[in-house]
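The block underneath contains the structure these notes are about, expressed in structure tokens.
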Amino acid sequence: MLDNPSDLWARCLQSIKHKIQPQSFQTWFGPTSLKHICTEKAVIEVPTSFFADWLEEHYSWLVQSTLEEETNRKPFLVFVVREQPGQAQGPVDFSLADPTEPPVPAAPQRDAPGEVKPVFPLNPRYRFEQFVVGGSNEFTFTAARSVAESPGQTAFNPLFIYGGVGLGKTHLLQAIGDFCVRNRTAERVVYVTAEQFISDYIASMRQNDHSEFVKTYRNADVLLIDDIQFYVQTEGCQREFIHTFNALSQNDKQVVISSDRPPATLKGFEDRLISRLQWGLVTDIEVPDLETRIAILNQKAEERGIDLPHDVARFLSEQIDSNIRELEGALTRLVAFAAHKHQTVSRDLARQALLRRSTRATPSIGIEEIQKATADFFHIPIETLIGATRKQEITTARHAGMYLCKSLTGAPLKAIGDHFGNRDHTTVMHACRNVERKLIKDPGFGDMIAQLRDHIQGRLVA
Ligand code: ADP
Ligand code: MG
């Protein structure tokens, strides 16, 4: 029996409070409450859909791991917008946030002297111990371990890790940070997405005060920058990256970067930045083979206390062959499906659970490819797709494209908005919500989206 939601939530908040910056805590968790919790799900109420999106994208792992600590269970999280009597579902409320850019969730932290903590919270599930090593990732894993053991002291500086979506880049970056913190091989570990790095930079420019920014990033002993393929769009930002790298490497500090593609093919990056990224070691993570996928799935099942028969693990790993996140998602769905049907997990049930979805895993794919395929599918020029036209059929195509960018690449909303004619991230969020609502109501629309998805994936295979 789980206890009263408000007491439980109060305990979770106490714990979360110690894990993130006070300012972020107040902004994002202050106005939340736990509406309902059962074994399978936890429903968290938030003031606006913007909050729901932000929390889901940035803090769901934190909420989930905290709930797990408190309850020994791992419910799915559902963020719902609190109903306010008489208030229509209107535009997003930005009273706490600047609408022109994503809020900066973590202000630089002032450490007590001698205290070792990462500057941004790390996910405790992403450790080296939980990373399954196989032929596809062995070399990169070894490089990551070496860097974590002797940050700044190896030739791998920067260490540049690239690979497709869901293959463990974030896991490895965070594992490096976690190792350094726990083994005290570095004092100041900073993990940041490129998106956050840039929004911190922009915020510092706006406030005309660069000192906090410089203090956070240029004083890091280990700087881990995730998903650099997004956001290095302006010259100022690129310059900032270069300055930061130079400052760190001059002092033998470690930089680790992840990307979905090798440096030379990063679009819109200046040559000197690309060459800077190639100074150390550039290494990739490939799609794991079947045996490794099975081992990863077993590891995930064990972490979650799920009893996963071998034939089921093999079946799922055969079906989903190129993205570990999807593989984990399939396990989650299977467990939910089994609970729903009051049956134990079996191969037959797995087949049923996967039946309703396309079992072909998504190869690594970028926003631009999706845009091209979408424009082609709707027989419109790409300029029209991303342009300002508000004609119904063009808007539909644009929304569908944004939605598939989000679901197929997992790219941040801001990156998608940037690619769609520099639209704001909230526009993308509304487009995705629109599509989701229509998918529920209109089967014809669902077929159209499915065809478009096949068209996009077909072009990749072709
Ligand atoms: P990426 O950043 O490359 O898109 P992630 O690091 O987020 O991918 O990985 C997606 C999921 O797959 C995570 O839950 C991660 O723990 C898991 N994963 C990927 N590769 C491995 C591996 N070799 N061993 C264990 N888990 C893995
Ligand atoms: Mg990642």
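The values are calculated or read from the model by the stated rules, or taken from the named source; none is laboratory data. Note that the structure is a prediction, hence the values are computed from the model and not measured. Virtual Cβ from ideal backbone geometry, glycine too; neighbours counted across all protein chains shown. Just so you know, the surface numbers come from the protein's heavy atoms only, side chains and all, with ligands and any DNA or RNA stripped out. Shrake-Rupley method; radii C 1.70, N 1.55, O 1.52, S 1.80 Å.
Tabulated values for the structure
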{"quantity": "Per-residue ³J(HN,Hα) for region 177-182, Karplus 6.51 cos²θ - 1.76 cosθ + 1.60, θ = phi - 60°, Hz, x for Gly and Pro", "calculated": "x, 4, 4, 4, 5, 6"}
{"quantity": "Where only alpha carbons of region 246-341 are counted, the Rg and the Dmax (Å)", "calculated": "19.5, 60"}
{"quantity": "Lys, Arg +1 and Asp, Glu -1 on Cβ, resulting dipole of region 146-251 about Cα centre, debye, nearest 20", "calculated": "160"}
{"quantity": "Reduced Cα scattering model of region 5-61, Debye log10 I(q)/I(0), q = 0.17, 0.20, 0.23, 0.25 Å⁻¹", "calculated": "-0.53, -0.75, -1.00, -1.18"}
{"quantity": "Extension reserve of the Gln130-Arg82 stretch, reckoned as 0.36 nm per residue once the Cα distance is removed", "calculated": "13.6 nm"}
{"quantity": "Computed over the chain, the ratio Rg/Rh where both radii use C-alpha atoms and Rh is Kirkwood", "calculated": "0.94"}
{"quantity": "Cα-based equivalent ellipsoid, region 311-457: semi-axes from gyration tensor eigenvalues, Å", "calculated": "32, 15, 14"}
{"quantity": "For the chain, calculated [θ]222 nm from helices alone, where every DSSP H run of n ≥ 4 adds -39500 (n - 2.57)", "calculated": "-16000 deg cm²/dmol"}
{"quantity": "Approximate spin-label separation Asn183-Lys267, in nm, with each point projected 7 Å along Cα-to-Cβ", "calculated": "3.9"}
{"quantity": "Dipole-positive endmost among Ala301, Cys180, Val335 within the chain (Cβ charges, Cα centre)", "calculated": "Val335"}
{"quantity": "Dipole moment magnitude, nearest 20 debye, the chain about Cα centre, only Lys, Arg, Asp, Glu C-beta charged", "calculated": "560"}
{"quantity": "Thr142-Ile274 pseudo-label distance in nm [points 7 Å out on the Cα-to-Cβ vector]", "calculated": "2.9"}
{"quantity": "For q = 0.12, 0.14 Å⁻¹, Debye-computed log10 I/I(0) when each Cα of region 164-287 counts as one equal scatterer", "calculated": "-0.43, -0.59"}
{"quantity": "Per residue, in Å², the accessible surface of the chain once ligands and nucleic acids are set aside, probe 1.4 Å", "calculated": "46"}
{"quantity": "Among 385-392, 282-289, the order from most to least packed when residues are scored by Cβ within 10 Å on average", "calculated": "282-289, 385-392"}
{"quantity": "Label-point separation in nm, Gln26 to Gln299, each point 7 Å along Cα→Cβ", "calculated": "4.0"}
{"quantity": "Size of electric dipole in region 41-85: Cβ of Lys, Arg +1 and of Asp, Glu -1, about Cα centre, debye, nearest 20", "calculated": "140"}
{"quantity": "Length gained when the stretch Glu69-Gln207 is fully extended (0.36 nm per residue, less Cα-Cα span)", "calculated": "45.8 nm"}
{"quantity": "Accessible-area composition of the chain, carbon plus sulfur, in percent [1.4 Å probe]", "calculated": "50"}
{"quantity": "Global geometry of region 151-228, whether rounded, prolate or oblate, following the gyration tensor of its Cα atoms and the 1.5 cut on a/c", "calculated": "oblate"}
{"quantity": "Förster radius 41 Å - calculated FRET efficiency between Glu286 and Glu40, Cβ distance, rounded to 0.05", "calculated": "0.70"}
{"quantity": "FRET efficiency, Lys215 to Asn4 (Cβ-Cβ, R0 41 Å, nearest 0.05)", "calculated": "0.45"}
{"quantity": "Restraint check, Lys17/Lys414; Lys169/Lys372; Lys74/Lys215; Lys169/Lys391, Cα-Cα greater than 30 Å", "calculated": "Lys74/Lys215; Lys169/Lys391"}
{"quantity": "Efficiency of FRET from Cβ geometry, Gln343 and Asn434, R₀ 41 Å, rounded to 0.05", "calculated": "0.70"}
